[in-house]
Every structure is written in C-alpha cells, then in structure tokens.
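A.B. asks: The structure follows.
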Amino acid sequence: MTYPNHRPRRLRSSKTLRSMVRETRLSPEQLIQPLFVTETTPKPIKSMPGIAQLTLKEVVKEAAEIYKRGIPAVILFGIPKSKDEKATGAWAQNGIVQNAVRAIKDKVPELLVITDVCLCEYMSHGHCGVVCEGRIENDTSLEIISDVAVSHAMAGADMVAPSDMMDGRVRAIRSALDGSGFPEVSLMSYAVKYASAFYGPFREAAESTPKFGDRKTYQMDAGNVREALREAKLDAKEGADIIMVKPALSYLDVISKVKNVVDLPIAAYQVSGEYSMIKAAAEKGWIDEKSIILETLLSIHRAGADLIVTYFAQEAVKLL
Ligand code: PBG
C-alpha cells in the first residue's frame, strides 16, 4: 500500500495513539546504576557532574535510595587506599568492594549487587592484568581475576562482571566460583569491550589510568564487528549468563548483531564519556538533557540491549 491509502502520520496524530503504538519501552527494571566506593576521602568526580566517589556509609545510603526508586541492581567499583603490582586490594577479604557488598546486602538485601571484576583500579601500573616486562600477561592474570571474583562472592555479591578482557577469564571465574561453593552466583561478561576514548572520565573516577601504554592489546578495535560476535560466542560457551557490549551509543550496530547471534540476555554500558558529553552540553544549554537521557536509553534498548548500565539510572526512573 502506498499514499494516499497509507498515511503513516495517522498513528502519530495524538499522544495517546503514539504511546499505544510505541514499539520499544523503557522500564526501571532494565537499569543498573554504577557506584564508586572509596577507601579514602570521598570526592565528587569533576568530569562526571552528579557522580561522586562515596564512602562505605554513603554507598549504603545511596543503595537504599536506588532500590526505593525501583532500580533493581547496582554495579560496584572500588578505589583502594593503596595500589601495588599484585592488585592486593582487589581480592583482599576486607577490600573496599568486599566491605561495600557486605554492608549493602546487610541493609538492602533485595537489591541485586553486581561487582566489577578487574585489576586496573588496584594495580600501581593501572593495567587490567599482570604486567611482566612491559607486557600484559594473560594466563597469570586469570588466577588473580578468579580470586577477585571468589572474594566478591564470599562477601555476598549476587553477580560478578569481569571487565578485564583477558582470554579465558569467563571459564576461569566460572570454575573458581563453582569450586568454591558459589554455583548460584551469576556472571555478566563484558564480552565485547572496545578500547574506547569514551572511558576517559571513568578513569578519573576510578583513578585507573594506565601509567604506560594503552589497553589496545586486550580491549577491542573500534572497527571490528565480526570479532565482537566471536568474543560474545566464546564467553557464552565459557559459561557467561549475560553478555555485555560496551560502550553503547557508538556501538548500536554491535548490540544488534550480538543480540541476533547469542541467545543470552544482552546488556549494554552507557559509559562515562557518553554521560559526560550529555552533561556538558546540557550545562551549556545546548541540548534538552531530560529528553536526551530518555532518547539515548531507548535507542540502546531498541538496538537490542535487555539491560543497560547507566550513570543516568536514577535520573531516568524519575523521568519514566
Ligand atoms: C575497568 C573498567 C572500565 C570501565 C568499566 N570497567 C575502564 C577501562 O576499561 O578503562 C569503563 C566504564 C566507563 O567509562 O563508564 N576495566
């Protein structure tokens, strides 16, 4: 059918009708709020207005607020008081993330607590794996990364989310969790994680900028999409429960293709740079922040993300 029999504008004629025929809807239970918890002095993150490094006490309060607003989950990042070459703070039983998990699960047991499993915030060199003679070693990193995941599970984490991009880490973590009596702890893999300049503000937030080189030997090249499908399928086979694509907005095609290839739930991470660009333009009065928040999240969901990790989670639920 063509014009004049078919007039697509008919279904756009009123707000009621538009909302009836809307194909994609956002709801609070799709959103995951990232939180930064610090072992030292809390401070606002300059490049991410509205986001701060929180103390243990503050993070519990924030978690309770988040749950009250209808957001089902948080993902925790830790800033330790000291860093070394073994990422001791990452797997310490009384590390900052482990303490935060215990404190949150104690006060807000229904809130799903996810932990980011990585070494970069805890390594003096800022890389996501063990460094030997200037190279990031894959297989020795797996042992530490598995210890980190188990320590989070011991503290009570519901889900672990490895973001290091070492090969084989999903299998290593899954078998470490199962072997330590945590078969019920689920695993969301940052399976498709690009080496992206959009992580810039996060590195200020988490104090995790690499001291030398970059992350391009482990994170993916922005030009690749077939490799994304390979990574996603590998992690699914190794035992991931949820597959994540990151960043989100510049990689909607990747989200869509991964969704078609893997039959697990798909998550996408609207990362720090995506957040900061919106905040900065809004501060200048150049865009309508509220509309942009909802439009970007809706687009990420429309592309195929079942779940979205976003610094806007709390703001978004107020708008929904
Ligand atoms: C840790 C990690 C990073 C992000 C999540 N986990 C940073 C990085 O890889 O450098 C980025 C999140 C964001 O930018 O919001 N490896």
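The values are calculated or read from the model by the stated rules, or taken from the named source; none is laboratory data. Predicted model, so just to flag it, every value in this text is computed and none were measured. For neighbour counting, all protein chains shown are included, and Cβ atoms are generated from backbone atoms with ideal geometry for every residue, glycine included. Keep in mind that these areas ignore ligands, DNA and RNA; they rest on the heavy atoms of the full protein, side chains included. Shrake-Rupley method; radii C 1.70, N 1.55, O 1.52, S 1.80 Å.
A.B. asks: Would you tally the residues in region 174-203 being away from the ligand (no atom under 16 Å from the Cβ), open to solvent by 30 Å² or more (accessible area, probe 1.4 Å) and assigned to a helix (DSSP H, G or I)?
C.D. replies: So the answer is 4.
A.B. asks: Could you check SER256 against (1) touching an Asp or Glu at 6+ places or on another chain (Cβ under 9 Å); (2) of a type in the set (S, T, N, Q); (3) away from the ligand (no atom under 15 Å from the Cβ) and say which number it fails?
C.D. replies: (1)
A.B. asks: Out of VAL170, VAL192, VAL245, which single residue is in contact (Cβ under 8 Å) with a residue 60 or more places away in the chain and within 30 Å of PRO42 (Cα to Cα)?
C.D. replies: Exactly one of VAL170, VAL192, VAL245 is in contact (Cβ under 8 Å) with a residue 60 or more places away in the chain and within 30 Å of PRO42 (Cα to Cα), namely VAL245.
A.B. asks: OK, next. Scan region 264-300 for residues that are open to solvent by less than 40 Å² (accessible area, probe 1.4 Å), within 14 Å of the ligand (Cβ to nearest atom), out of contact with any strand residue (DSSP E or B) (no Cβ under 8 Å at 6 or more places or on another chain) and more than 27 Å from ASP235 (Cα to Cα) and report the count.
C.D. replies: 3
A.B. asks: Looking only at region 204-229, filter to residues that are under 20 Å from the mean Cα position of the chain (by Cα) and among the hydroxyl-bearing types (Ser, Thr, Tyr); which one of those is nearest to the ligand (Cβ to nearest atom)?
C.D. replies: Among residues in region 204-229 that are under 20 Å from the mean Cα position of the chain (by Cα) and among the hydroxyl-bearing types (Ser, Thr, Tyr), the one nearest to the ligand (Cβ to nearest atom) is SER208.
A.B. asks: Hey, could you check region 64-76 for residues that are assigned to a helix (DSSP H, G or I) and in contact with a helix residue (DSSP H, G or I) (Cβ under 7 Å, 6 or more places away or on another chain) and say which is surrounded by the fewest Cβ atoms within 10 Å (Cβ to Cβ)?
C.D. replies: ALA64
A.B. asks: Now for a separate question. Only residues that are open to solvent by 10 Å² or more (accessible area, probe 1.4 Å), in a helix (DSSP H, G or I), touching a residue at least 40 places away in the same chain (Cβ under 8 Å) and under 23 Å from LEU297 (Cα atoms): list them for region 27-63, please.
C.D. replies: Across region 27-63, the qualifying residues are PRO28, GLU29, GLN30.
A.B. asks: Something else now. Among the candidates ALA149, ALA155, ALA87, single out the residue that is within 15 Å of the ligand (Cβ to nearest atom), farther than 20 Å from ARG203 by Cα and touching a residue at least 24 places away in the same chain (Cβ under 8 Å).
C.D. replies: On inspection, the qualifying residue turns out to be ALA149.
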